[in-house]
Amino acid sequence: MKKNIFSTKAFCLGILIPAFIYGLALPFFWGNNPASELGTLSLLCEDPDKRIFFWLWGILTSGSIIANTQYLYRRFNIRSKFYNTLCVLAFISVCLVALTLGHSIADWNPKRIAHWVATGFFIGFTVAPLLLPFLRYRKKHKPFLAFAVCTVGILMTFVVIFVVVGKSSLMEMIPIALIEIFLFIVNFTNVVKGRELKEKTASNK
């Protein structure tokens with residue numbers, strides 16, 4: 001896999017660490033309560049003068065996850081245009097989430113619906129590029145099954161937080177922080193050593 005600056009260890013760590021810190025800090029800005037139903041990032045940053053903070057969050061969050069997902073691909077020699085496309089769609093989705101800020105929550109107006117749909121796509125396109133390769137290569141590399149279980153577990157934290165706490169910024173903070181921690185452990189610790197996985201020609205399609 002061709003190496004570029006965006007797949008280097010320095011870049012991936014350089015964006016992952018600030019994204020992790022900022023993602024945990026932003027929900028507390030301006031005295032916000034992350035556990036409140038009205039404390040979500042979209043409501044916190046709905047004012048035009050605050051939307052830049054959401055854009056920064058989206059770029060850092062999605063960018064760091066994508067960069068580190070690509071680093072994981074390089075480490076395990078995973079080549080797939082399909083997975084790469086999912087990563088691009090994840091970044092497009094978070095941009096759409098940002099573009100639909102400032103919607104009324106009094107009813108289900110078109111902008112609010114678009115915001116929720118874009119959020120759903122962002123979650124799906126962020127998790128899929130991780131989960132699908134883990135499932136596909138679980139027989140070729142033993143840790144991948146455990147990685148798949150961890151990924152599903154992280155995804156389920158959205159549901160658990162919603163049931164226990166309700167709609168809040170915690171649904172955004174905790175699962176994303178867990179994904180970032182997970183990618184750090186897989187990519188930059190000795191939990192598992194990178195090993196090339198030979199793929200069939202069809203996997204490059």
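The values are calculated or read from the model by the stated rules, or taken from the named source; none is laboratory data. For clarity, every value in this text was computed on a predicted model and none was experimentally measured. Here Cβ is always computed from backbone atoms with ideal geometry, including for glycine, and neighbour counts include all displayed protein chains. Just so you know, the surface numbers come from the protein's heavy atoms only, side chains and all, with ligands and any DNA or RNA stripped out. Shrake-Rupley method; radii C 1.70, N 1.55, O 1.52, S 1.80 Å.
Figures for the structure shown
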item	result
Residue among Pro48, Pro18 that is touching a helix residue (DSSP H, G or I) at 6+ places or on another chain (Cβ under 8 Å) and either surrounded by 13 or more Cβ atoms within 10 Å (Cβ to Cβ) or not polar (S, T, N, Q) (or both)	Pro18
Qualifying residue in the stretch 117-137 (condition: charged (D, E, K, R) and under 30 Å from Arg75 (Cα atoms))	yes
Any pair with Cβ under 9 angstrom, 6 or more apart, that starts in the stretch 74-91 at a residue that is among the basic types (Lys, Arg) and ends at one that is modelled with pLDDT of 90 or more	Arg75/Val186; Arg75/Asn187; Arg79/Tyr73
Exclusive hit being within 29 Å of Leu44 (Cβ to Cβ) and not in a loop (DSSP other than H, G, I, E, B), set Ala148, Ala114, Ala106	Ala114
Whichever residue in the stretch 52-84 is basic (Lys, Arg), open to solvent by 70 Å² or more (accessible area, probe 1.4 Å) and assigned to a helix (DSSP H, G or I) and, among such residues, is modelled with the highest pLDDT	Lys81
Within the stretch 17-71, tally of residues that are of a type in the set (Gly, Ala, Ser), in contact with a Leu (Cβ under 8 Å, 6 or more places away or on another chain) and within 22 Å of Thr126 (Cα to Cα)	5
Every residue from the stretch 157-185 that is open to solvent by less than 60 Å² (accessible area, probe 1.4 Å) and under 14 Å from Ser62 (Cα atoms)	Glu172, Met173, Pro175, Ile176, Ala177, Ile179, Glu180, Leu183
